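These notes concern the structure reproduced below.
What follows draws every value from the coordinates through simple rules; no lab data is involved. As the structure is a prediction and not an experimental result, all values here were calculated from the model. Don't worry about glycine lacking a Cβ; one is built from the backbone with ideal geometry, like all the others, and counts go over all protein chains shown.
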Amino acid sequence: MMKRLAFFIVLVLPMGLLAQVQFGYLNYHTIMCEMPEYTQAQQELATLKGKYEAESTRSEEEFQKKFVDFLQGQKDFPQSIMQKRQGELQSLMDNGVQFRLQAQKLIAQAEKDLLGEVEKRLNRAILEVGVEYGYAFILNIEENACPYINPVMGVDVSDLVRIKLGLIAPPTPEAQPAEGQPAAPAGEAQPTAQPEAQPATQPETQPEAKPATEPNAAPN
């Protein structure tokens, strides 16, 4: 269905507009198998199948036992008992076949019901991703359904859907650099600020010593 839709979009849209269309893609079954609800559903189905198989085995063992008794005593049975035993064996065989057919239908219905709930939750997560990111459609590529996808137009949305389902944690935002400061390259340490060098203090200059003034000569 999705492949026909993608082909229809390619035919209808003009080439200029087609280049602007983006779509998502994922492997539906791979993601579904990762869901805990899927694991729980498989466990419940395995338990149910085991119960039906055990009952079928019991019926077969009962038939085998009665059949052996019939072979061992058929020479001595009167005609009426012979017919009665043959009727019992035929009834057991018919009931066993009927039970197996009924068990197959019941298991198939149980599988449909259990996996239907899992698919409903997965489909809801895919829908939310498609609407949130504005994809034209999200394509299921399981079983090599789409061998080539243009990376300009197609986006792998597997992890986006996993985040919606809670299977993986959303990416943490990277630390933002301080305002006005460029971010340092990855793995490079920020240089530490060095204190400004203070000029060396100059020794205080002493005032020059003036020569002592000679006393005036006495007048003659």
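Within straight cross-link reach of Lys84, meaning Cα distance under 29 Å, which lysines are found once same-chain residues fewer than 8 apart are removed?
Within reach: Lys65, Lys66, Lys75.
Tell me which residues come under 5 Å, amide H to amide H, from Val155 once H is placed; ignore anything under 5 positions away on its chain.
Phe23, Gly24, Tyr25
What ranking, highest mean first, results for peptides 55-63, 157-165 when packing means the other Cβ atoms within 10 Å averaged over each residue?
157-165, 55-63
Would you mind getting the Kirkwood hydrodynamic radius of segment 2-165 from its Cα pairs, rounded to one decimal in Å?
Result for segment 2-165, one decimal place: 20.6 Å.
How much length is gained on full extension from Arg58 to Gln40, taking 0.36 nm per residue of separation minus their Cα-Cα distance?
Fully extending the segment from Arg58 to Gln40 adds 3.7 nm.
Give the relative contact order (percent, whole number) for segment 2-165; include only Cα pairs under 8 Å separated by 6+ residues.
Normalised by residue count, the contact order of segment 2-165 is 54 percent.
Over the Cα atoms of segment 103-142, each weighted equally, I'd like the Debye log10 I(q)/I(0) at q = 0.34 Å⁻¹, rounded to two decimals.
Scattering profile of segment 103-142, log10 relative to I(0): -1.03.
My understanding is that a pair violates if its Cα-Cα distance is over 18 Å; which of Lys49/Lys105; Lys112/Lys164; Lys49/Lys112; Lys51/Lys105 do that in this structure?
Among Lys49/Lys105; Lys112/Lys164; Lys49/Lys112; Lys51/Lys105, the Cα-Cα distance tops 18 Å for Lys112/Lys164.
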